[in-house]
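Before any comments, here is the structure.
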Amino acid sequence: MSIKIASVSLGCPKNQVDLEVLLGKMTDEDFMLTNNPDEADAIIINTCGFIEPAVMEAVETILEFESYKEKGKKIIVTGCMVERYKNEFEKEFPFVDYYTGVGELKSVIDFLKNNSKPKQTEKNLYFSKNRVILNPQSFAYLKIADGCRNRCSYCTIPSIRGTQKSRKIEDILEEAQRLIDGGVKELILISQDTTKYGIDIYGSFMIKPLLEKLSSLEGDFYIRTLYLNPDGVDGELIDIILNNPKIINYFEIPIQHINDRILKLMNRKFNSSHIKKIFTLIKEKSEDAFIRTTFIVGFPSETEEEFNEIIDFLHEFKPDFAGFFPFYPEDGVKASTMDGQISKREKNKRVKQLEKIQKKITSERLKSLKKEKILCFAEKYNDDFDFIVEGRAIFQTPDIDGKVYIIDGVADSGVGPYLCKIKRVVYPDLYCKIESPYINEVTDEKSSC
């Protein structure tokens, strides 16, 4: 009889892809998948361990499923948190049947088949050509590399996932075509640092030729690029993204700070002048482009004046979306032992101050689109009101930039995309009316949204 598997995915899209690959391999080997833990023989909890809140979420989730152990279910914990804290968690949660870290998820299959812990296996993130997409079928994350060659002083990623390991272009193209053929409308490129894709296997940065090759694949689809580290963004890359009709005019550029002293302490490989230059260049080339960025707030020794530089930057450059995160002094990172640690209360106060400013900036940008028709995907029915369809505008990245609620019109062409009109903006979400399905008859012109 087939073993039934339920799963929970925590953390970032890169972590989600790891689980999707595992689940795909499990279906290849006659495991059955279920969304109901009560029906499952085993429950896989794929964890994130990047920063303190992610670890706490993982702990709470493990404890939530402890009762299923009493019902005879096997509990399996995988992912980044295991890579960081396996020894500690084995002692803290002895009811868990099996732990395995990053790159060793395939060993879960051996454990369940043989009912015993397998010997250590070779780390491999891409052990199956099939994936079980866990999000709405309108999009899929396409991981082009794993690990990171940067050594930012606040970051745990290199210690968890190792140095950068890029996939071969032909493997990425093969997976992308499978996803497109399966009905995916948006490929979202992810890695720890997308701009440095390929340097480890080709000897040079290959994100530009990869984008060109991906956009030449057959099918009706879009490409979104995430994790564009600023030092790898130049005029040529900006032009490729803006001028290619299959690539969305969206730049996710995590800058983390704008003060040069703090950037140096963070061990970032760029300065404030470069950041301002690329933000200016994007907006000069296309007023329609959307920019998202992130900041770490309350980095050790950050002064009030240096914090105010972030405020000034927001007012002057007006990123369309931005996330603000208090600095977490994680175990093993250089910044955790730096002088001038700032209190949690002060960090949270600064975060709230920035969020208030950004809310106004984003709301103004969204309201400015009310006179235009925007492109939207219809992805699912609302959990509370089944007459409302949820989705995203093409300038919204899943889970971080808000949602679209379709309150009028008919979504009769599947996930779309559709041409919509914004009826109301309730930050960060949009309430829209479908005007018509979008028919992309002109491939050499790019929709403004």
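Here are the numbers:
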read-out	value
Residue count, the stretch 305-352 (criterion: modelled with pLDDT of 95 or more, touching a Lys or Arg at 6+ places or on another chain (Cβ under 9 Å) and acidic (Asp, Glu))	3
Looking only at the stretch 208-247, and only at residues there that are small (Gly, Ala, Ser) and in contact (Cβ under 8 Å) with a residue 12 or more places away in the chain, the one that is nearest to residue 148 (Cα to Cα)	232
Selection from the stretch 84-111 of residues that are touching a helix residue (DSSP H, G or I) at 6+ places or on another chain (Cβ under 6 Å) and of a type in the set (S, T, N, Q)	100
Single match in 231, 239, 220 (criterion: assigned to a loop (DSSP other than H, G, I, E, B), in the same structural domain as residue 143 (by TED's automatic domain parsing) and farther than 22 Å from residue 11 by Cα)	220
Residue that is modelled with the highest pLDDT, among those in the stretch 113-141 that are outside any loop (DSSP other than H, G, I, E, B) and more than 22 Å from the chain's Cα centre (by Cα)	113
Single condition residue 66 does not satisfy, out of (1) surrounded by 14 or more Cβ atoms within 10 Å (Cβ to Cβ); (2) touching a strand residue (DSSP E or B) at 6+ places or on another chain (Cβ under 8 Å)	(1)
Residues (assigned to a loop (DSSP other than H, G, I, E, B), in contact with a strand residue (DSSP E or B) (Cβ under 7 Å, 6 or more places away or on another chain) and at pLDDT 85 or above) located in the stretch 80-104	95, 96, 97
Checklist (1) touching a Lys or Arg at 6+ places or on another chain (Cβ under 9 Å); (2) of a type in the set (Lys, Arg); (3) at pLDDT 95 or above applied to residue 168, failing item	(1)
From the options 173, 187, 179, residue that is in a helix (DSSP H, G or I) and touching a strand residue (DSSP E or B) at 6+ places or on another chain (Cβ under 9 Å)	179
Any hit, the stretch 63-76, residues being over 20 Å from residue 14 (Cα atoms), of a type in the set (Phe, Trp, Tyr), in contact with a helix residue (DSSP H, G or I) (Cβ under 8 Å, 6 or more places away or on another chain) and not in a helix (DSSP H, G or I)	yes
Complete set of residues in the stretch 35-51 that are in a loop (DSSP other than H, G, I, E, B), in contact with a strand residue (DSSP E or B) (Cβ under 8 Å, 6 or more places away or on another chain) and surrounded by 14 or more Cβ atoms within 10 Å (Cβ to Cβ)	40, 41, 48, 49, 51
Single residue of 351, 415, 426, 389 found to be at negative phi and either more than 25 Å from the chain's Cα centre (by Cα) or in contact (Cβ under 8 Å) with a residue 60 or more places away in the chain (or both)	415
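Okay, residues lined up against (1) closer than 30 Å to residue 377 by Cβ; (2) of a type in the set (D, E, K, R); (3) over 20 Å from the mean Cα position of the chain (by Cα):
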| site | (1), (2), (3) |
| --- | --- |
| 98 | no, no, yes |
| 107 | no, no, yes |
| 111 | no, no, yes |
| 143 | yes, yes, no |
| 163 | no, no, no |
| 171 | yes, yes, yes |
| 182 | yes, no, yes |
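The values are calculated or read from the model by the stated rules, or taken from the named source; none is laboratory data. Model, not experiment: these values are computed from the prediction. Glycine gets a Cβ as well: all are built from the backbone with ideal geometry, and neighbour counts include every protein chain shown.
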